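Everything below concerns the one structure shown next.
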Amino acid sequence: NIKTFNWFCDDTWRFDNFSSKVCNLFTACSTPEPDYVQRYRDIGYDNIIVGGWHTNHKYYPTGSLEKKHDVAFIGQMNNPDRIKYIEYLRENGINVLNFHGLSHDEMTRVLAQSKIGLNFSKNYNGRPVKTQMKLRPFEVTAAKDTLLLTEYHSGIEYFFDIDKEIITFKSPKEMLAKIKILLDKEIARSKIANYGNLRFQKEHSSHKRMESIIGEINKI
């Protein structure tokens, strides 16, 4: 009489060799990839839930902090794309800072002090290299008045409205052009950032995500 649940995190490169092989051991499972729901159903597994990443907004600074950083990327420079994109921005005059090895408190503060938070979506663990849903978009939008600029990944529309709540890019050139516009137009940037934060608060905080997931499990 006990329901079991598993939270899959990396289906873009683990579906074939892991998720698809163990999902039937659980009453319900979740995927962070909306596009993968049909792949589960195609193998006969119907109790799949779109889980999505989340973060606890209560660990973020309250109120708006002074914006000390134009553009910030928090993460290791451990794949060629990240290095290429960051170097391209710097070569074209964008003051982009890279942070890693921060404590969680330090990370949330840096995000809250940034005008734009960057996310790169490619994952190099699998072959061929693919984009995947990352935690970072939810961490950035949890910070008040910080705009998320993310490399496009199919399915991001499930969580945020593009051009209303977040901004996306598909190439270094597009990323650079949009950063220049966003840094120049403070009112528009702040408006999008605040819409993104409202969407986060409504659907993507840890408390909301857990409530939603448990509700879906209880329906099974």
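The values are calculated or read from the model by the stated rules, or taken from the named source; none is laboratory data. Keep in mind the model is a prediction, meaning the values are calculated, not measured. Here the Cβ is made from the backbone with ideal geometry for all residues, glycine too, and neighbour counts use every protein chain on show. When the accessible area is computed, the model is the full protein with side chains, heavy atoms only, and any ligands, DNA or RNA have been set aside. Shrake-Rupley method; radii C 1.70, N 1.55, O 1.52, S 1.80 Å.
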Summing -39500 (n - 2.57) over every DSSP H run of at least 4 residues in the chain and dividing by its residue count gives a helix-only mean residue ellipticity at 222 nm, to the nearest 500 deg cm²/dmol, of -10000 deg cm²/dmol
Using a 1.4 angstrom probe on heavy atoms only, work out the carbon and sulfur share of the accessible area of region 77-137 in %. 48 percent
What figure, in Å² to the nearest 10, do you get for the accessible area of ILE220 with a 1.4 Å probe and non-protein molecules left out? 70 Å²
For the chain, modelled as a Gaussian network with Cα springs under 10 Å, which listed residue fluctuates most, ASP70, ASP184, ASP81? ASP184
Using only Cα atoms, figure out Rg for the chain and give it as a multiple of 2.2 N^0.38 Å. 1.05
Quick check on my link table: of LYS144/LYS219; LYS130/LYS178; LYS3/LYS134; LYS3/LYS202, which ones sit more than 31 Å apart, alpha carbon to alpha carbon? LYS144/LYS219
Bridge type composition, the chain - antiparallel percent by DSSP, nearest 5: 10 percent
Just to verify a number: FRET efficiency for MET210 and LEU97, C-beta to C-beta distance, R0 = 41 Å, to 0.05? 0.80
Looking only at aspartates and glutamates whose Cα falls under 18 Å of LYS170's and that sit 8 or more positions away or on another chain, we get ASP81, GLU87, GLU151, GLU157, ASP161
If each part is reduced to its alpha-carbon centroid, region 104-174 and region 1-79 end up apart, in Å, by 14 Å
Please list, or write none, the aspartates and glutamates whose alpha carbon is within less than 12 Å of the alpha carbon of LYS67, excluding same-chain residues fewer than 8 places away. ASP145, GLU186
Potential extension, SER154-ASP42 segment - 0.36 nm per residue separation minus Cα distance: 38.4 nm
Given the options ASN197, ASN95, ASN47, state which has the largest fluctuation in a GNM of the chain using a 10 Å cut-off (strictly under) for Cα springs. ASN95
Rank ALA142, ALA112, ALA177 by mean-square fluctuation in a GNM of the chain with C-alpha springs under 10 angstrom and give only the top-ranked residue. ALA177
Accessible surface, the chain, averaged per residue in Å² (probe 1.4 Å): 51 Å²
Taking 0.36 nm per residue of separation and subtracting the Cα-Cα distance, what length does fully extending LYS219 through LYS202 add? 4.0 nm
Suppose R0 equals 35 Å; then what is the FRET efficiency for TRP7 and LYS170 from their Cβ-Cβ distance, rounded to the nearest 0.05? 0.75
